[in-house]
1. For residue 130 and residue 40 in the same chain, what is the full-extension length gain: residue separation times 0.36 nm, less their Cα-Cα distance, in nm?
2. Taking the DSSP beta bridges in the chain as the whole, what percent of them are antiparallel, to the nearest 5?
3. Please sort 276-288, 41-53 by packing, taking for each peptide the average over its residues of neighbouring beta carbons within 10 angstrom, highest first.
4. Restricting to Cα pairs below 8 Å that are 6+ residues apart, what does the relative contact order work out to for segment 172-484? Please round to a whole percent.
5. Determine the shape class of segment 172-484: with a ≥ b ≥ c the square roots of the Cα gyration tensor eigenvalues, call it rounded for a/c under 1.5, and otherwise prolate if a/b is greater than b/c, oblate otherwise.
6. Measure out, as a whole number of angstrom, how far apart the alpha-carbon centroids of segment 314-387 and segment 245-295 sit.
7. When only DSSP loop residues count, what trypsin sites (Lys or Arg not before Pro) in segment 126-160 have their Cβ near at most 12 other Cβ atoms within 10 Å?
8. What is the gain in length, in nm to one decimal, between residue 57 and residue 323 on full extension, counting 0.36 nm per residue of separation less the C-alpha to C-alpha distance?
Amino acid sequence: MFSSVEHSNHPHPDALVHFLFTDKDAPLSLSDEARSASSRPEFNSKPGQIAQVFPSSGPREIIVGLGDSSKLSVEAVRKAAIKLAQHIDNCQLEVIHFAENSTLNELKFGQAIGVGFQLASYNPRQMPGSRTEQEREVSLQIKALSEQFDKGLARGVGLGNAVNFSRRLVNTPPNIANPLWMADQAHDLSTRCQGLSVRVIQGQELDEESLIGHINVGRASCNPPCMIRIEWNPDPSANQKPVVLVGKTVTYDTGGLSIKSKTGMPGMKHDKAGGCAVLGVMQAVADVIKPNFPVVALLTAAENSIDATAYRPDDVITYRNGVTVEVTNTDAEGRLVLADGLCWACEIENPECVIDIATLTGGVVTALGAEFAGLFTENERLLTEFKAAGNLSGEDVWQLPLTDGFRDMMKGSVSDIVNSVPGGKGHASQGAAFLSCFVTPEVPFAHIDMAGLSHTRNDEFPVDGPSGWGVRLLAQFLTARSENN
Ligand code: BES
Ligand code: ZN
Ligand code: ZN
């Protein structure tokens, strides 16, 4: 597969791509040869159907079916784009132009194609050794010949690039991707993109700031924990409140002393996927979205490991907001580090709203599979915004309960709350209820449990591996806020 995608004005395409609909006449820009191919019974313009013709003059033409135009969706366009990308790769083409198309001349469709192409270019074999044949390094160059479509395409290329950045982070093995490595990635991002500043809270400073969740979850690992703060602030003099995004960044989750089983542990390098989504969206913030309000990202990074100093079930810890927590299960560690991030967000950042995203519970995987992430919020505006962002981005969320009933369930006997109710049920909602105890009541708050989504669904992505889930959802959420601000 081509190894990257760029939006470029290269004047000589290897192929001109036309999209066709079942209910519309073929566009005028088609060559006679392409027109006769499109009218053959074998080609019926169904979504994702592809044919190729070699006209007597000009570049080859690729015709791609998109079905009924009245049922056209961003998802259908993105899926067709992925199929098209595979075809383009099989033919080893390097420069693609998309023909004018009035039905597709909208930002969102161009964006879906740019994203689709980027998603297709990702290769999970990030560490090829001497026994892997070297792959072709080709950067595919694309542009569209109508204005809004082309604008969208450029945006999509940028967004998809941020998704792939996130995927590379998630996929990086835990012997490399430890908390301070994540901090290095944030620093690299801030040198690569303009407008981001990074601060890393680690070592002594974690003690001084009472980031007690990090200290405890990370204490049994030789890779020390840290909290990574990344800020986008377009106008510091405006004193606007930031949107704060908090991402669970557990670089490996063994379960700690409440150890996971030999089948439950493999794959837990993905337990940093929430933080990687947040870092990915910060790349999109600086490169593409450029929101007109500040955004603060907090990555709560620790490795949940085991040694003689490990925190124990029965330990009680006190958070910087005064809440005491009895650890009943060291495998419910995500909420312990996130709680530091939420306290920090509310006490230090004066937030407009706080959103956390995390691979938090197996319970949400049981409930929603890989179809939806769980969305937990008591705030109507955030509910509406995330449902809309889910629909538009193709990264759907489904609301699950965050209620006083679940908060009551979390009450402890020696402490205010426990981190997991022994023998309890509704683990995804327990997690959400726990987290809400660290958010000031006036602050609009949403929790996104994406435990089922850090890995790809095969029908959607050409390769098995990390999905980068959450980048597109958060990007759409921030884009819509910026447009309405
Ligand atoms: N990282 C896991 C959640 C998870 C499970 C992510 C499966 C992806 C796939 C989390 O830290 C965890 O272990 N959660 C426990 C919580 C329980 C002990 C309260 C769980 O869901 O089993
Ligand atoms: Zn765990
Ligand atoms: Zn975990």
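1. Length difference between fully extended and current span is 27.6 nm.
2. Rounded to the nearest five, the antiparallel share is 40 percent.
3. Descending mean neighbour count gives 276-288, 41-53.
4. The normalised contact order for segment 172-484 reaches 21 percent.
5. Verdict is rounded for segment 172-484.
6. Computed from Cα coordinates, the inter-centre distance equals 13 Å.
7. 131, 136
8. Additional length available on full extension: 88.4 nm.
Bear in mind these aren't lab numbers, they're just calculated from the coordinates by the rules spelled out. It should be emphasised that the depicted structure is a prediction, and the values quoted were computed from it without experimental measurement. Here the Cβ is made from the backbone with ideal geometry for all residues, glycine too, and neighbour counts use every protein chain on show.
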